[in-house]
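The values are calculated or read from the model by the stated rules, or taken from the named source; none is laboratory data. Here the structure is a predicted model, which is why all the values come from computation and not from measurement. Positions of Cβ are generated from backbone atoms using ideal geometry, with glycine treated the same way; all protein chains shown enter the neighbour counts.
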Amino acid sequence: MERVSVSALPACNLGSGAVADDEFVASFEACSYPNQAFHHPDHLRLAWIYLRRFGAQAAEDRMCASIVRFAGSLGHPAKYHETMTRAWVRLVDGAARLTPAPSDFVEFIQLHPWLLERNLLGSFFSPELMGSDAARHGWVQPDLAPIPFSCARI
C-alpha cells in the first residue's frame, strides 16, 4: 500500500500520513504508534483499513479491541468509549458503501470530508446519552437520529 499524501487531504491533522497502511496498522496494534500522532483522521483511516480488510462486524470488533489495548498501553483505559468507537466505524462503513472502491484513504476522505467533523456524533447522540456509563461501556442506540447507511449489528 502507498503512503498517504497529507497535503491532498482537506484541512486535517493526519499523523499517520507518512506511514503505509500495513505499517500503520501493525504499529497501532502493537501499541507502538505514537499517541501524539493519533488524531481523529487517524481513527478514521484505521477504521477504513479495517473495513476494507475484514468487513463491517469484524472491523468494528477489531477497532474496539485495538483502541482498548492502545488506551491501556498508555495508562488511560478509562478514555475508551464503546459507543463512540462503534458509531465512528459505522459512519465510515456507511460512507464506504457510497464509494465503490476508492483507490486510497485520501480519495475516500476527499469524497466524504464530513467525516472529519469531530462533533458529528452530536447529530445522532445527545450529550447525556454519550456521557452515560452504558454508552461508555457498551453499544447504545442513538437517541436523536439513526446513523445513516448503518447496518445495525449490536
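Output the residue which, of all residues in region 131-140 that are in a loop (DSSP other than H, G, I, E, B) and surrounded by fewer than 17 Cβ atoms within 10 Å (Cβ to Cβ), is nearest to the chain's Cα centre (by Cα).
So, considering only residues that are in a loop (DSSP other than H, G, I, E, B) and surrounded by fewer than 17 Cβ atoms within 10 Å (Cβ to Cβ), the one nearest to the chain's Cα centre (by Cα) is Gly138.
Have a look at Ala30, Ala20 and point out the one that is in contact with a Lys or Arg (Cβ under 7 Å, 6 or more places away or on another chain), farther than 20 Å from Ile147 by Cβ, hydrophobic (A, V, I, L, M, F, W, C) and modelled with pLDDT of 90 or more.
Ala20
Cβ contacts < 7 Å: first residue surrounded by fewer than 21 Cβ atoms within 10 Å (Cβ to Cβ), restricted to region 89-103; second residue at pLDDT below 85, any location; separation 6+ or different chain. Result?
Gly94/Phe149; Gly94/Ser150; Arg97/Phe149; Leu98/Phe149
Go through region 50-66 and give me each residue that's touching a residue at least 12 places away in the same chain (Cβ under 8 Å), under 17 Å from Cys31 (Cα atoms) and surrounded by fewer than 22 Cβ atoms within 10 Å (Cβ to Cβ).
Selection gives Arg62, Cys64, Ser66.
Is it true that some residue in region 39-52 is of a type in the set (Lys, Arg) and at pLDDT below 95?
Yes, because at least one residue in region 39-52 is of a type in the set (Lys, Arg) and at pLDDT below 95.
For region 9-56, which residues satisfy the criterion of being of a type in the set (Asp, Glu) and more than 18 Å from Leu115 (Cβ to Cβ)?
Result: Asp22, Glu23, Glu29.
Which of the helices (runs of 4 or more DSSP H) found entirely inside region 23-130 contain at least 1 residues meeting this: within 14 Å of the chain's Cα centre (by Cα)?
Counting at least 1 such residues, we get 40-54, 56-73, 82-97, 105-111.
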